[in-house]
Ligand code: FAM
């Protein structure tokens with residue numbers, strides 16, 4: 001059920017803080033913090049009551065397959081901001097991607113005037129309510145106000161060795177910004193548990209605010225002369241300013257970036273980058289330490305790095321067929337796909353640990369392409385791959401899901417706008433993912449979720465278990 005937004009104009013942060021027995025450290029101009037302080041007590045109380053009244057009830061069982069097989073799909077984690085259905089795909093606070101496109105404010109204003117703003121999505125993820133355009137804009141301004149990097153970060157990025165992967169640079173830069181962690185410094189001073197949420201809130205907004213400049217610096221230093229594409233411009237929104245600093249100054253690309261950040265933000269809690277942030281954060285490591293760890297998980301080729309692998313695979317396909325003088329047809333793509341599979345490699349961008357249909361994040365990117373770049377040759381190639389690959393993977397007979405995932409499409413859109421450096425693509429995924437995992441990290445602290453500590457067993461333990469329970473447990 002959605003909460004109706006109530007104006008908080010008359011509520012001072014101090015008054016709210018006193019009412020809830022906590023001290024507000026600093027104000028922010030967006031109204032987001034005050035709104036969170038309004039809704040937090042009810043959510044805290046509801047979870048406490050649920051644990052007390054229903055805590056003993058069983059919601060899942062675990063097979064030996066799941067235990068050995070990467071804990072696939074075992075329900076064992078609370079994650080408030082999104083929920084995945086294997087067939088329908090992701091819902092963000094109950095909304096599908098088309099519904100987000102229909103309801104969240106765009107940079108131009110109304111939802112139907114463009115793609116949803118990431119700032120609006122952040123509000124939704126945190127507050128479980130659709131913000132107004134004025135609220136989304138106020139959050140843009142708040143993020144701009146927090147964007148200044150600690151002094152040592154830019155020289156550090158400039159000093160990274162040539163050839164260091166952009167994801168290694170991103171993770172290191174986030175770690176380096178940890179010197180500014182409000183959570184770490186307040187914890188060291190002996191802050192109260194009741195204020196963890198507030199320190200996390202400060203770190204969350206600060207780190208999100210600083211990512212565009214960090215990422216633009218990484219891009220410009222890795223591939224160009226190190227000069228930003230444009231100076232930081234507070235008159236734009238988060239995405240528009242980020243694209244200009246990258247040096248990709250095209251309104252179409254800024255629209256793509258808004259959609260890109262929104263759809264990459266959150267995919268419930270069990271995926272590797274989300275789970276890592278949650279796990280590391282559960283030790284009360286601050287948001288910088290937790291987010292940096294999350295980025296390291298995202299940098300794996302079975303996870304976020306797949307988006308760079310996809311473009312590499314598509315370009316490899318184009319080049320190989322060109323060298324052989326063979327036309328790009330469904331048959332020649334099928335033959336190339338089989339060469340990949342027979343070489344013992346996966347087809348990047350296809351398959352998913354949980355989804356069992358075409359990823360709606362793929363579908364919305366396809367629709368973006370149909371609208372903005374229908375005649376682009378790489379888009380046509382991606383479409384033909386889409387026609388044949390589910391059949392190839394079904395014949396291959398291994399993957400449980402022969403359909404494309406989010407990474408199958410994103411590179412082609414980026415390349416259309418002149419973004420050629422595909423080993424950087426996962427950094428953009430990282431900016432999006434930061435929105436989702438940081439929003440949940442805020443709620444982890446607001447709900448006082450505990451240290452995560454599942455149980456592991458040895459294979460000897462399993463052998464004994466099977467001996468003693470030939471039929472398993474009921
Ligand atoms: N091409 C070839 N084989 C594949 C495959 C693919 N695209 N997807 C799965 N398989 C194989 C898989 O390697 C496994 O083989 P073995 O039994 O020999 O180990 C078998 O099919 C069963 O795997 P599954 O149960 O269907 O999938 P998993 O849950 O184990 O793995 C993925 C899920 C995503 C890691 C897997 O589908 C994959 O490697 N896909 C390609 C990489 C990719 O696109 N990753 C990005 C996923 C994306 F959504 C994200 O996180 N950003």
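The values are calculated or read from the model by the stated rules, or taken from the named source; none is laboratory data. It should be emphasised that the depicted structure is a prediction, and the values quoted were computed from it without experimental measurement. Every residue, glycine as well, gets a Cβ built from its backbone with ideal geometry; the counts of neighbours run over all protein chains shown.
Here are the numbers:
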read-out: Hits in the stretch 265-292 - residues which are part of a helix (DSSP H, G or I), over 15 Å from residue 444 (Cα atoms) and within 16 Å of the ligand (Cβ to nearest atom); value: 272, 273
read-out: Any hit, the stretch 382-399, residues being in contact with a helix residue (DSSP H, G or I) (Cβ under 7 Å, 6 or more places away or on another chain), in contact (Cβ under 8 Å) with a residue 60 or more places away in the chain and either more than 11 Å from the ligand (Cβ to nearest atom) or under 24 Å from residue 97 (Cβ atoms) (or both); value: yes
read-out: Residue list for the stretch 146-159, filter: in a helix (DSSP H, G or I) and either touching a strand residue (DSSP E or B) at 6+ places or on another chain (Cβ under 8 Å) or surrounded by fewer than 15 Cβ atoms within 10 Å (Cβ to Cβ) (or both); value: 155, 158, 159
read-out: Residue check for residue 255: away from the ligand (no atom under 16 Å from the Cβ) and at pLDDT 95 or above; value: yes
read-out: Meets criteria (under 30 Å from residue 268 (Cα atoms) and within 14 Å of the ligand (Cβ to nearest atom)) for residue 356; value: yes
read-out: Of all residues making up the stretch 300-340, the number that are within 13 Å of the ligand (Cβ to nearest atom), outside any helix (DSSP H, G or I) and over 21 Å from residue 412 (Cβ atoms); value: 1
read-out: Residues (in a helix (DSSP H, G or I) and within 8 Å of the ligand (Cβ to nearest atom)) located in the stretch 341-352; value: 341
read-out: Any hit, the stretch 99-113, residues being more than 16 Å from the ligand (Cβ to nearest atom), more than 19 Å from the chain's Cα centre (by Cα), assigned to a strand (DSSP E or B) and surrounded by fewer than 19 Cβ atoms within 10 Å (Cβ to Cβ); value: yes
read-out: So residue 371, is it over 30 Å from residue 67 (Cβ atoms), more than 12 Å from the ligand (Cβ to nearest atom) and assigned to a helix (DSSP H, G or I); value: yes
read-out: Every pair of residues 6+ apart whose Cβ atoms lie under 7 Å, when the first sits in the stretch 37-65 and is under 30 Å from residue 466 (Cβ atoms) while the second is surrounded by 12 or more Cβ atoms within 10 Å (Cβ to Cβ); value: 60/74; 62/74; 64/462
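This table checks each residue for (1) farther than 22 Å from residue 318 by Cα; (2) touching a strand residue (DSSP E or B) at 6+ places or on another chain (Cβ under 6 Å); (3) surrounded by 15 or more Cβ atoms within 10 Å (Cβ to Cβ).
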site: 369; (1), (2), (3): no, no, yes
site: 374; (1), (2), (3): no, no, no
site: 378; (1), (2), (3): no, no, yes
site: 385; (1), (2), (3): no, no, yes
site: 388; (1), (2), (3): no, no, yes
site: 395; (1), (2), (3): yes, no, no
site: 399; (1), (2), (3): yes, no, yes
site: 412; (1), (2), (3): no, no, yes
site: 418; (1), (2), (3): no, no, no
